[in-house]
C-alpha cells in the first residue's frame, strides 16, 4: 500500500512490526540461553538411575558394558522391567510385583549382591497402592535383606499394616529372585542352583508320567499353619513341627496343581540339593510313593497319620489335615485343621461329627476348637455362622452352602472352614465306599 | 555421584539447539502476529469522550453508581446507559461540563439530592421473632426476612450505618435516621439496605413519606403503630395536588410542593416527616410527645 | 484412569484449590460475590479446557520427541498468555454478554497457577508403555523416541474441564460462605484475608474427607 | 542510589509490603510447601534468584518493550529464569528438586514476580529494581520459612528434617492446617505491624511537635 501511494510507511504498521520483532528477539535469546544451559546441565539416564540407586545402594556404579538379558520377563508373580549391573557385580533388578491392593502392583528396585544375597530394595512406583505409606520407611533395609535369592523366601510384613501391598512387595522381590534363578547368565554368575527345581524333579520322578503336567510350587504358608497337636489336650502346634524332625528337617513342602483338575498333591522333600528324598501325598491323603525314606519309618508314620487332603473350593485348591477320628456308635468324630492360604496367618481347627445317612456322610455338628478368624473381616460371629449352617451338609451340599455364605463377606474364614469340612466328608465317603 | 560436576552435561547437540531456536522463533512470531492481527480486527474503538468525562467526575471511585469505578461510569455515560444522577458526588458545575461534552441536557433532577429513610416504625413496629444471631440487617434479612412483622420495616441493625462513609446515619428508636447536614447522597446506603428503604429526595424537599408499606390499612394497623394506613388524608389536604396514593403509598411530586406542611399536619399516623430537623416546630414536637 | 475417576478426583479428592493449592490467589481475591466468583470460575474452566487441548499435542508431538522438555514451561506460559489475550479480544468483539459475565476476569487468569498446573499435569509422562493412555513413537535425527503419555488426549481435555469445574465449585462455595462470614463481628485483626482463610480452612477439612475414599 | 532510597526499598520489601503477609501474593507455594522448613528455604532461594534476574532484565529492557506485547515478553523472561533455576536445582540438588515438584515450575505464575515486573521494574532504574527484587524475595523467604518452621514442628515434630520429639498434630501437615496457619500468621503480623506503626507515628508526631516548639522558642528569642 505504501508503495502505491508513495506515502511514508504507516506508523501503526511500524509499531506492529516492532512489537513482533521485540517479542521474537526476546524469545529467541531466552531459548538460546536455555538450550545452552540444557546441554551444560544435561542429566543422562545413567545419572538419573545412579541418583535413584544412591539412596538404596551407595556402592553403585553403573556397568556400562552390561546389557540385560530380557528375553524372558514374565515371572509367575510379576514382571521384570529392567536389569542393571553395578561394577562390583551387584544386580539392580527393576521388578513389578502383582497381587496388590485392588489388583494393583508395586515396582521395586531390588539390589542383589554378587554373593546372591538381597542387599535391599526401594519402591520405584506403585499402581493403586494408596496405603503404601503404611509400609514402614525402613522396610527396604530390613525386609528380605540378607536372604539368598535361591532361598525359600517367605512373606515379611513386619511393622506393616497392609497385607495386600506387602504381598505385592513380596511378589516383586520373589520376581527379582526368579529372574536371578531363571536367567542363565545371571544364574551362572551368582553361582546359583535352583534348588526348588531340583526338588521338583525328584518329586516328579517319584510320581511318574501320570503327573507330568502338574505344576509344583513351594508352599511355605501351609507349613506355618497351626494344626492340632497329637494330644488334643495340648496347645496347637505348627504343621511344620509334625513333619520336620529336628535331626532331619524338611527342605521343601511342594504343592502340585493342575488346571481343570480337582486333584491336588502335596510333597514333602527332605535332604539337601545333592540328594533330595521325598514323600509324595496324593489328593485323597494317601502316601503314594516315597524315595529314600526307608530308614525314617517314624517320620513316614507321622506323615501317614496326618493326612493332608486336597479339596477344590471355588477354583482354588485348599488343603486340610485330618488328625484323628473317634468312632462313637454311628457317629464319627474327626479332628481336622484347615490349612491357611495366601498371606492370612490363621487357620481353623475343627471338630466335626459325621454320621452315615443313606450311605453318605452327613455333618452332625461342627465346633471350632481354634478359631482362625482373620480380624478385619466383617465380624467373628458373622464368619462363624457357616459352622452352624454346615449341620446336615453332605459332600454335595458343602460347596453350595459355602458359596451362599461367602457373599456375607467372610471369604477367607469360609474358605478354610469349607475346605476342612469337605475334606472330612470326602474321607468319610471314601471309607464308606470301601466298606470300612 | 562421586563427581557431581562431571555427572551432568553432555556433548553439544547442535541439532536440538537449532530445533529449539526454530520452535521459539516460530511460536513467538506466530503468536505475536496473531495477537496484533486479532487486536486489529476485533478492536473496539474507544470513544475519546470517555476520558474527558472521567476527568470531570468526582474520582472517588466509591462504586455507588453501580459501575466499576468512575472510569466504568464514564464509559456507561458516554454509551448512554447510565444516568448522571446516579452519581451523588459530582458538583453541579462539573455536571454541566459533562452534559456539554455529551450533548445532553442536565435533567430536572440535576438538583443535588439527599437520602431519607422510608420507615419510621422502629420500636413501634412489632417483632415476628427475637433475633439472636450475629450481624447486621443484611445477615438478619437472610433469616425469614428479618425480625420485623412489617415486610418493609427498618430492622435498625445498622447495615446502612456501617456503609455510610460520612457517618450521616444513626439508628435511634429502632430505625435509621439520616442527618441531612452530613449526607452527600453517595448512595452506598441505598445499595446496602436489604429492604431498599432508603431513597433520594431533592435537597429542596421539606417533607418525605417515612413508610413504604403497600399493605391495606387494616393489616398495617395490626403490625405497626407508625405505618401508613393509606387513609388518603394527605392527598385530600394538599392544596396543589402534589400527593397521590399509588399502591397504598403516598408519592410526593416535589416539583409541585409548596412547603405548606398541610400533609404532615394532617397525617394521623405521623408518617410524613420533616426532612430537616430544624424545620420541626417546637410546639408540634411537644404536642407529639404529649400524645 | 476411568472417566468417573477423573470426575471424582477433579471435583473433590484432588480439588485444585483445596488439596493441591493451585489458583489460591483468585480463590481469595475474586470470591467476594457469588456472581463474580462464578464468572471467574467459568473463565478459568474455559481457559483450562483450551490450554489442555492445545498444550497436550504440542508437548506430545513437538517438545517430547525432540527432547525439549525443558522448554515446556516457556512455551506453555507463552501460549497461555497469548491465548488469554486473544480470547479476551475475541469475546469482547463477538460476544459482549459472555464478555461481561466472565471476560473481565480473563486477564487475572494468565497469572493463575491452576492453568500452568493443569498443563503440567496433563502432559505428565510415564516410563512404561503399559500404563500409558497414549504412546507415540517416532524417529528424529536417527534416534527412536518413544513418548508414553499418562493420559490420552480425551482424558486430558476432560481433566481440564473437570479440574476447572472443581475450581469453580470451590470458589463459588467460598463466595457463598464469605457473604455471610464478612458480616460477622470478628476481631479486627481477623477481618479480611484471615477470616476468609479460616473459612477456606474448614472447607479444606470437609474436602479432605474425599481423599480418604 | 541514595542510602535513603535503599532503606526505603528494603523496608518495603521485607515488612511494609511483605508479599506473603501484607500483599497476600504468592499464596500457592506458601500454602503448599510450608510442611517442611527446608523446602521453604529452597523455594525462597529460587524465588529470590528469579525475582532479582527478571527485575534486572525487565528494567533494562523497559524502554524497548512495546506496550502491546508487554505481558508475553515479561512472561517469557520470567519463564526463562524459572527454567534456569529448575535446571540448576535438578542438576545439583536432586532431593530438593523432588520435594519442590511442580511448584518449582509454578514460580512462573507466582503473582509476586509478574506483579513486581509490572508495578516496579517496568518503570524504575536498574539498581532500584534489583534491590526491590532482592528484598521482596527476602521478605517472601522469611515469612514462608517461619510458617514452615511452625507447621513442621507442630505437624511433624521435626525441624529442618531433624526429629525433635514424637509429639505431632497431624492437622498442621494437612491442607486445612495450611489455611489455619496462614490466617493466624496474617492476623498476628497485622496486629504487630499496626501497633508498631502507631507507635512510630506517635513518636514522629512528638518529634515534630518538639521541633516546632524549639523553632518557636528560637524565633521568640530572636525576636
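The values are calculated or read from the model by the stated rules, or taken from the named source; none is laboratory data. Please read all numbers here as calculations on a predicted model, not as lab measurements. Cβ: placed from backbone, ideal geometry, glycine included. Neighbour counts: every protein chain shown.
Looking only at residues in region A:216-258 that are assigned to a loop (DSSP other than H, G, I, E, B) and within 18 Å of the chain's Cα centre (by Cα), which one is modelled with the highest pLDDT? It would help to see each step written out before you state the result.
As a first pass, look at region A:216-258 and keep what is assigned to a loop (DSSP other than H, G, I, E, B): A:219, A:224-225, A:228-236, A:244-249, A:258.
Add one more test, that the residue is within 18 Å of the chain's Cα centre (by Cα), and what stays is A:219, A:224-225, A:258.
Numbers: A:219: 66, A:224: 68, A:225: 71, A:258: 76.
Residue satisfying both the conditions and the ranking: A:258.
How many residues does region D:16-40 contain that are away from chain C (no Cβ under 14 Å), buried (at least 18 other Cβ atoms within 10 Å of the Cβ) and not in a loop (DSSP other than H, G, I, E, B)?
Within region D:16-40, residues that are away from chain C (no Cβ under 14 Å), buried (at least 18 other Cβ atoms within 10 Å of the Cβ) and not in a loop (DSSP other than H, G, I, E, B) number 2.
Kindly indicate the residue of region C:1-26 that is in a loop (DSSP other than H, G, I, E, B) and over 19 Å from residue C:172 (Cβ atoms) and also modelled with the highest pLDDT among those meeting that condition. Explain how you work it out, then say what you get.
Narrowing region C:1-26 to residues in a loop (DSSP other than H, G, I, E, B): C:1-2, C:14-23.
Now drop any that are not over 19 Å from residue C:172 (Cβ atoms), which leaves C:1-2.
Details: C:1: 51, C:2: 70.
Among residues in region C:1-26 that are in a loop (DSSP other than H, G, I, E, B) and over 19 Å from residue C:172 (Cβ atoms), the one modelled with the highest pLDDT is C:2.
Return yes or no: is residue D:94 more than 25 Å from residue C:24 (Cβ to Cβ), at the interface with chain A (Cβ under 10 Å from one of its Cβ atoms) and modelled with pLDDT under 85? Talk me through it step by step, then tell me what you get.
Details: more than 25 Å from residue C:24 (Cβ to Cβ): yes; at the interface with chain A (Cβ under 10 Å from one of its Cβ atoms): yes; modelled with pLDDT under 85: yes.
In short, yes.
Please tell me if residue A:72 is more than 11 Å from chain B (Cβ to nearest Cβ) and touching a residue at least 12 places away in the same chain (Cβ under 8 Å).
Working: more than 11 Å from chain B (Cβ to nearest Cβ): yes; touching a residue at least 12 places away in the same chain (Cβ under 8 Å): yes.
So residue A:72 fits the description; yes.
If you go through region A:268-277 one residue at a time, do you hit one that is modelled with pLDDT of 75 or more, within 21 Å of the chain's Cα centre (by Cα) and either surrounded by 16 or more Cβ atoms within 10 Å (Cβ to Cβ) or under 26 Å from residue A:194 (Cβ atoms) (or both)?
yes
Kindly indicate which of B:166, B:208 is at pLDDT 85 or above, within 28 Å of residue B:91 (Cα to Cα) and out of contact with any helix residue (DSSP H, G or I) (no Cβ under 9 Å at 6 or more places or on another chain). Outline the logic, then answer.
Details: B:166 fails: at pLDDT 85 or above.
Being at pLDDT 85 or above, within 28 Å of residue B:91 (Cα to Cα) and out of contact with any helix residue (DSSP H, G or I) (no Cβ under 9 Å at 6 or more places or on another chain) holds for just one of B:166, B:208, which is B:208.
Show the residue pairs meeting these rules: Cβ distance below 8 Å; 6+ apart or different chains; first residue within region A:9-28 and farther than 11 Å from residue D:76 by Cβ and within 9 Å of chain B (Cβ to nearest Cβ); second residue surrounded by fewer than 21 Cβ atoms within 10 Å (Cβ to Cβ) and at pLDDT 85 or above.
The qualifying pairs are A:20/B:29; A:20/B:33.
With the structure loaded, tell me whether residue C:37 is surrounded by 24 or more Cβ atoms within 10 Å (Cβ to Cβ), touching a residue at least 12 places away in the same chain (Cβ under 8 Å) and either more than 9 Å from every other protein chain (Cβ to nearest Cβ) or more than 19 Å from the chain's Cα centre (by Cα) (or both) or whether it fails that test. Show your work before the answer.
Working: surrounded by 24 or more Cβ atoms within 10 Å (Cβ to Cβ): yes; touching a residue at least 12 places away in the same chain (Cβ under 8 Å): yes; either more than 9 Å from every other protein chain (Cβ to nearest Cβ) or more than 19 Å from the chain's Cα centre (by Cα) (or both): yes.
It is true that residue C:37 is surrounded by 24 or more Cβ atoms within 10 Å (Cβ to Cβ), touching a residue at least 12 places away in the same chain (Cβ under 8 Å) and either more than 9 Å from every other protein chain (Cβ to nearest Cβ) or more than 19 Å from the chain's Cα centre (by Cα) (or both).
From the list B:179, B:162, which residue is within 14 Å of chain C (Cβ to nearest Cβ) and surrounded by fewer than 20 Cβ atoms within 10 Å (Cβ to Cβ)?
On the way: B:179 fails: within 14 Å of chain C (Cβ to nearest Cβ).
Within the list B:179, B:162, the selection yields B:162.
Taking region A:314-326, which residues are farther than 18 Å from residue A:352 by Cα and modelled with pLDDT of 75 or more?
Here is the first cut: in region A:314-326, the residues farther than 18 Å from residue A:352 by Cα are A:314-317.
The one that is farther than 18 Å from residue A:352 by Cα and modelled with pLDDT of 75 or more: A:317.
Restricting attention to region D:167-196, report how many residues are over 21 Å from residue D:155 (Cα atoms) and facing another protein chain (nearest Cβ under 7 Å).
2
Would you tally the residues in region A:166-215 being modelled with pLDDT of 80 or more and in contact with a helix residue (DSSP H, G or I) (Cβ under 8 Å, 6 or more places away or on another chain)?
Residues meeting the conditions: 5.
Test of understanding: among D:104, D:146, which residue is within 10 Å of chain C (Cβ to nearest Cβ) and modelled with pLDDT of 85 or more? Explain how you work it out, then say what you get.
On the way: D:146 fails: within 10 Å of chain C (Cβ to nearest Cβ).
When all the criteria are applied, what remains is D:104.
Can you tell me which residue is farthest from residue C:73 (Cα to Cα) among those in region B:17-26 that are surrounded by 18 or more Cβ atoms within 10 Å (Cβ to Cβ) and more than 7 Å from chain A (Cβ to nearest Cβ)? Talk me through it step by step, then tell me what you get.
Step one: list which residues in region B:17-26 are surrounded by 18 or more Cβ atoms within 10 Å (Cβ to Cβ), which gives B:17, B:19-20, B:23-24.
Now drop any that are not more than 7 Å from chain A (Cβ to nearest Cβ), which leaves B:19, B:23.
On the way: B:19: 17, B:23: 14 Å.
Result: B:19.
Give region B:258-269 a look and list any residue that's in contact with a helix residue (DSSP H, G or I) (Cβ under 7 Å, 6 or more places away or on another chain) and more than 13 Å from residue B:239 (Cα to Cα), or say none.
B:267, B:268
Quick one: is residue A:346 assigned to a helix (DSSP H, G or I) and at pLDDT below 70? Show your work before the answer.
Working: assigned to a helix (DSSP H, G or I): no; at pLDDT below 70: yes.
In short, no.
Might you let me know whether region C:60-81 holds any residue that is within 23 Å of residue D:114 (Cβ to Cβ), within 12 Å of chain B (Cβ to nearest Cβ) and in contact (Cβ under 8 Å) with a residue 60 or more places away in the chain?
Of the residues in region C:60-81, the ones within 23 Å of residue D:114 (Cβ to Cβ) are C:70-81.
When the remaining residues are screened for being within 12 Å of chain B (Cβ to nearest Cβ), the result is C:70-72, C:74-81.
Filter once more, so that each one left must be in contact (Cβ under 8 Å) with a residue 60 or more places away in the chain: none.
The answer is no; no qualifying residue exists.
What single numbered condition from (1) assigned to a loop (DSSP other than H, G, I, E, B); (2) touching a strand residue (DSSP E or B) at 6+ places or on another chain (Cβ under 7 Å) fails to hold for residue B:116?
(1)
Quick check, is residue B:197 surrounded by fewer than 16 Cβ atoms within 10 Å (Cβ to Cβ) and in contact (Cβ under 8 Å) with a residue 12 or more places away in the chain?
Details: surrounded by fewer than 16 Cβ atoms within 10 Å (Cβ to Cβ): no; in contact (Cβ under 8 Å) with a residue 12 or more places away in the chain: yes.
So residue B:197 fails the test.
Here is a list of conditions, (1) under 24 Å from residue C:114 (Cα atoms); (2) surrounded by fewer than 17 Cβ atoms within 10 Å (Cβ to Cβ); (3) at pLDDT 85 or above, and residue D:141 meets all of them except one; can you say which number that is?
Evaluating residue D:141 over (1) under 24 Å from residue C:114 (Cα atoms); (2) surrounded by fewer than 17 Cβ atoms within 10 Å (Cβ to Cβ); (3) at pLDDT 85 or above leaves (2) as the failure.
Out of the residues in region A:38-55 that are within 15 Å of residue A:94 (Cα to Cα) and buried (at least 19 other Cβ atoms within 10 Å of the Cβ), state the one that is farthest from the other protein chains (Cβ to nearest Cβ).
Checking each candidate, the answer is A:53.
Kindly list the number of the only condition in (1) in contact with a strand residue (DSSP E or B) (Cβ under 8 Å, 6 or more places away or on another chain); (2) at pLDDT 80 or above; (3) farther than 23 Å from residue A:254 by Cα; (4) surrounded by fewer than 20 Cβ atoms within 10 Å (Cβ to Cβ) that fails for residue A:142.
It is condition (1) that residue A:142 fails.
Starting from residues that are assigned to a loop (DSSP other than H, G, I, E, B) and within 24 Å of the chain's Cα centre (by Cα), keep the ones in region C:90-148 and report whichever is modelled with the highest pLDDT. Break it down into steps so the answer makes sense when it comes.
To start, the set of residues in region C:90-148 that are assigned to a loop (DSSP other than H, G, I, E, B) comprises C:95, C:111-112, C:123-124, C:126-128, C:132-133, C:141-142.
Then keep just the ones that are within 24 Å of the chain's Cα centre (by Cα); that gives C:95, C:111-112, C:123-124, C:126, C:132-133.
Numbers: C:95: 75, C:111: 72, C:112: 79, C:123: 86, C:124: 81, C:126: 69, C:132: 67, C:133: 69.
Ranking the candidates gives C:123 first.
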